[in-house]
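Colleague: Before we start, here is the structure in question, set down as C-alpha cells.
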Amino acid sequence: MEVIASGKNLYFTYNKGKTNEFQALKNITFDIYDKEFVIIFGPSGCGKSSLLNVIAGLELPDEGSISVMERDLTSLKKNEFAMFHRNEIGMVYQQYNLITSLTVLDNVTLPQIFVNVGKRKRGKWGEELLERFGILEHAHKIPTELSGGQQQRIGIARAIVNNPKIILADEPVGNLDSISAENVLDILCDLNEKEEKTVILVTHNPEYLYVADRIIYMKDGVITKEVMNRDKNKKKKLDMESLQPKSPTATISDLMRSYRGLSPEQINILIMPYKAKIFTHHFITTRSMEETTTFENVVQRRLLGAISEKEFIDVLNRPSRDGGVGFDIRTAERVARRIGRVIKMAYLIYQERKQRVDESGNHALITDDEKADKVLKYLLETCYHDYKTNLSDTQIERLRKSVYNRLTSSIQKIQFYDYIDRPFQDGGVGLNSKTAKAITEEIELILVLGFGIVQTKGTPKVKMPENKKDREDESDRKDETKKDNSVDNSKKNGDDKDTDDGVDTDKESDNEDSDDEKNQDDSHVEEKIDYSKPYDKQDALLGNAAGYAHKPMADTPDDVVDVPELEEAAERIKKEVMDNMNLNT
C-alpha cells in the first residue's frame, strides 16, 4: 500500500529560545497509507494537534523530515506550498473557522475562487455538497444562524470542495453533542470508504476510536504505540440483563485504572463525559432523548467552565425545538444554583487544607470529621429539608457516621444505603426508602464529581475589602441584597417545589441556602464566586471546583491551529471575494 504521509525523527518546539519554550514533539516517526482512516489519540497537551499541523505544513519541524504525497514540506517554496495545500489538503477544525460575513454557500465555495472556478459552476457544486450533507435549505443564511452540528457540516463541505486527497480533522466533534458528533463521524467515514480519501483525525475522546483503521497513541510529545483496529465500525453490544450494573464510583474507579500513568488533569478531561452523564441523570427523569443529550452536553461544558452561568441557564430555558432543554426559567435557575452547591461540596471533600491561614501563617488541614459534618449538613438541607427536625440525636449521629465511612471509603454505596435504610431498632438510621435513596444518590454524585480534581498548592486568591470599614460596608451591602432577594422570592408564586419538568432540582428553600452561605467556616473561601463571569476570568478555585486545571502546559497551546484570525481575514479578503464572485461567471 502506498505511503501518503511520512515523518522521520520529528522535533518541534514552541517559543524556541524563550523563557516559555515548550517542546511539543520529540523524535516522532510515522507512516500513513493511502485510503487509510487514522486517529491520533491522546490527552490534551500530548502533541497530537501539533503533529497534525506539521502534517498540514502549518508548522515546520525543528529537526527531522516530513513528506506528504511525495513532497518534502520543509523544502517547498511559498507558492508551491499554497498550491499543494489548496488542492491536496482539506482541513476541518474544532471551532469551524467559518467567515461570518459570508453566507453558508459562499463559505463552502470560497476555496474554488482561488483555483479560478466560475461562479455558476462553483455555486452548483456547492449546492450539491450542501444537499448531500442535509443543509441546502440554509444555503443563504449566515453560519451563526445554524447549530454547531450544521456549522461543522459546512466546514467539511468547504474542506472537500476542491476534492483533496487528504482530510485533516482537528477535534472535529469536540464542540458537538453526541448525536451531531455521530453524524459528523458518519460523513468522514463515508468520505473515507466511498470516495477513498485518506482521513487523519485528532481526538482525546476514546468513544470515537471505533471508526479508525489504525490508532496512533500519543503522550507527552511522543508516540507510545500504534494499534490496528480489527473491529472497525463494530461497537460492542453488551447484554445488560446478564451484567450486574456497577455504581458510578466503581465505574469511575475502573476508568481511572485504565488511564493509569496520566496526570490528574489529563484523566479528568478523559472521564469528564461520564461525569456529565451521571450528573445529568441525577436531575432529569422525563425528558426526550434529544433533550437529555442536549442537557448532557451543556452540563459537561459547564463543569469544564467552557460557558458562563448565564449561557448555561439560557440553554436550559430554551425550547427543545431551538436546541435547548425546555426548562422553565425558575427551574433553569435552580438547576444552575444546585450545580454550584454540589461543585462546592465536591471540592470540599477532596480539599486538604483550609483557605484561610491560621495565626502561624499556615493553612490548617481539614479533617475527615469536618468534611463529614459539612456533607451531613448539606445532605439534610438538600434531601431531607422538610423533616430534618424530626430526626433524633441518635439518628443524626448514625447518619453522620455512615457519611464519614462513605467519604473515607470504609463502606461502599450499597452498604451505605442499607445502613441508613435499616430500621432504627435494628441499629440503622431508620430513614424511609425514598429518602435513603435520595441521600445515597446525592453523596455518590458528590464523590463522582470530585474524581480528578487537582489540589492547589497554597491559597487561591480572592479579592477582599482592604480594611475593616470596607469589610463592614461590604457585609452591610450583602445583607441588604439578601433581604431584597428574599422579598422578591416571596412574591414569586409561593414555594420552590416544581416538578412539572420532571426535575428534582432544589428541595431546600432559597432562605436556607442563604443561611448555609453565611454559616460556611474557614474551609471555604468567604467571598462568593461569581459564576456568571467568563471561565478564563474566574478565580483558580472555580477551576479546581469544576475538576479542571487552569494551568496550561505551555504559553502556546498545543491544540490551537496556527491560522489567521477570522475577523481580520474576513475584512482583508471580503472585497476581493465579492468581486470575484460577481465577475467569474
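Colleague: Failed condition for residue 327, given (1) modelled with pLDDT under 80; (2) of a type outside the set (Val, Ile, Thr); (3) within 24 Å of residue 179 (Cβ to Cβ), with all others met?
Modeller: Here residue 327 clears every test but (1).
Colleague: Counting just the residues of the range 145-183 that are under 18 Å from the mean Cα position of the chain (by Cα) and among the β-branched types (Val, Ile, Thr), which one comes out nearest to residue 202 (Cα to Cα)?
Modeller: Here is the first cut: in the range 145-183, the residues under 18 Å from the mean Cα position of the chain (by Cα) are 147-149, 152, 170-182.
In the following step, the residues that additionally are among the β-branched types (Val, Ile, Thr) were identified as 173, 179.
On the way: 173: 10, 179: 19 Å.
Looking at the filtered set, the residue picked out is 173.
Colleague: Name the pairs: first residue in the range 37-65 and within 16 Å of residue 7 (Cβ to Cβ), second residue among the acidic types (Asp, Glu), Cβ to Cβ under 6 Å, at least 6 apart or on different chains?
Modeller: Final answer for the pair search is 47/558; 49/170; 49/558; 49/559; 50/558; 52/170; 53/59; 58/562.
Colleague: Being in contact with an Asp or Glu (Cβ under 8 Å, 6 or more places away or on another chain) and either among the β-branched types (Val, Ile, Thr) or not in a helix (DSSP H, G or I) (or both) is the filter here, so list the residues in the range 161-190 that pass it. Even if it seems obvious, please write down each step before you answer.
Modeller: The first filter runs over the range 161-190 and keeps only residues in contact with an Asp or Glu (Cβ under 8 Å, 6 or more places away or on another chain), leaving 164-166, 170-171, 177-179.
Correct list: 164, 165, 166, 170, 171, 177, 179.
For every residue, the table says whether it meets (1) out of contact with any Leu (no Cβ under 8 Å at 6 or more places or on another chain); (2) surrounded by fewer than 17 Cβ atoms within 10 Å (Cβ to Cβ); (3) among the polar types (S, T, N, Q).
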{"residue": "149", "(1), (2), (3)": "no, no, no"}
{"residue": "152", "(1), (2), (3)": "no, no, yes"}
{"residue": "158", "(1), (2), (3)": "no, no, no"}
{"residue": "161", "(1), (2), (3)": "no, no, no"}
{"residue": "164", "(1), (2), (3)": "yes, no, no"}
{"residue": "169", "(1), (2), (3)": "no, no, no"}
{"residue": "177", "(1), (2), (3)": "yes, no, no"}
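Colleague: Could you check, for the range 400-423, whether at least one of its residues is among the acidic types (Asp, Glu), surrounded by 19 or more Cβ atoms within 10 Å (Cβ to Cβ) and either assigned by TED's automatic domain parsing to the domain that holds residue 448 or touching a residue at least 12 places away in the same chain (Cβ under 8 Å) (or both)? First the steps, then the outcome.
Modeller: Keep residues of the range 400-423 that are among the acidic types (Asp, Glu), which gives 418, 421.
If we keep only those that are surrounded by 19 or more Cβ atoms within 10 Å (Cβ to Cβ) too, we end up with 421.
From what's left, either assigned by TED's automatic domain parsing to the domain that holds residue 448 or touching a residue at least 12 places away in the same chain (Cβ under 8 Å) (or both): 421.
Checked against the condition, which is being among the acidic types (Asp, Glu), surrounded by 19 or more Cβ atoms within 10 Å (Cβ to Cβ) and either assigned by TED's automatic domain parsing to the domain that holds residue 448 or touching a residue at least 12 places away in the same chain (Cβ under 8 Å) (or both), the range 400-423 yields at least one hit.
Colleague: Same structure again: Working only within the range 34-55, note down all residues that are in contact with a Ser or Thr (Cβ under 7 Å, 6 or more places away or on another chain) and either hydroxyl-bearing (Ser, Thr, Tyr) or not in a strand (DSSP E or B) (or both). Before you say what the answer is, go through the steps one by one.
Modeller: Of the residues in the range 34-55, the ones in contact with a Ser or Thr (Cβ under 7 Å, 6 or more places away or on another chain) are 34-36, 39, 41.
Within the range 34-55, 34, 35, 36 meet the criteria.
Colleague: Is there any pair with a first residue in the range 80-99 that is under 14 Å from residue 153 (Cβ atoms) and a second that is modelled with pLDDT under 90 and among the hydroxyl-bearing types (Ser, Thr, Tyr) whose Cβ atoms are under 8 Å apart and which are 6 or more apart or on different chains, and what are they?
Modeller: none
Colleague: Further question: When residues of the range 10-33 are filtered for being closer than 16 Å to residue 59 by Cα and not in a strand (DSSP E or B), how many remain?
Modeller: 3
Colleague: Among (1) buried (at least 18 other Cβ atoms within 10 Å of the Cβ); (2) among the charged types (D, E, K, R); (3) out of contact with any Asp or Glu (no Cβ under 9 Å at 6 or more places or on another chain), which single condition is residue 381 missing?
Modeller: (3)
The values are calculated or read from the model by the stated rules, or taken from the named source; none is laboratory data. Keep in mind it's a predicted model, so treat the numbers as computed, not measured. Backbone-built Cβ (ideal geometry, glycine too); neighbour counts: all protein chains shown.
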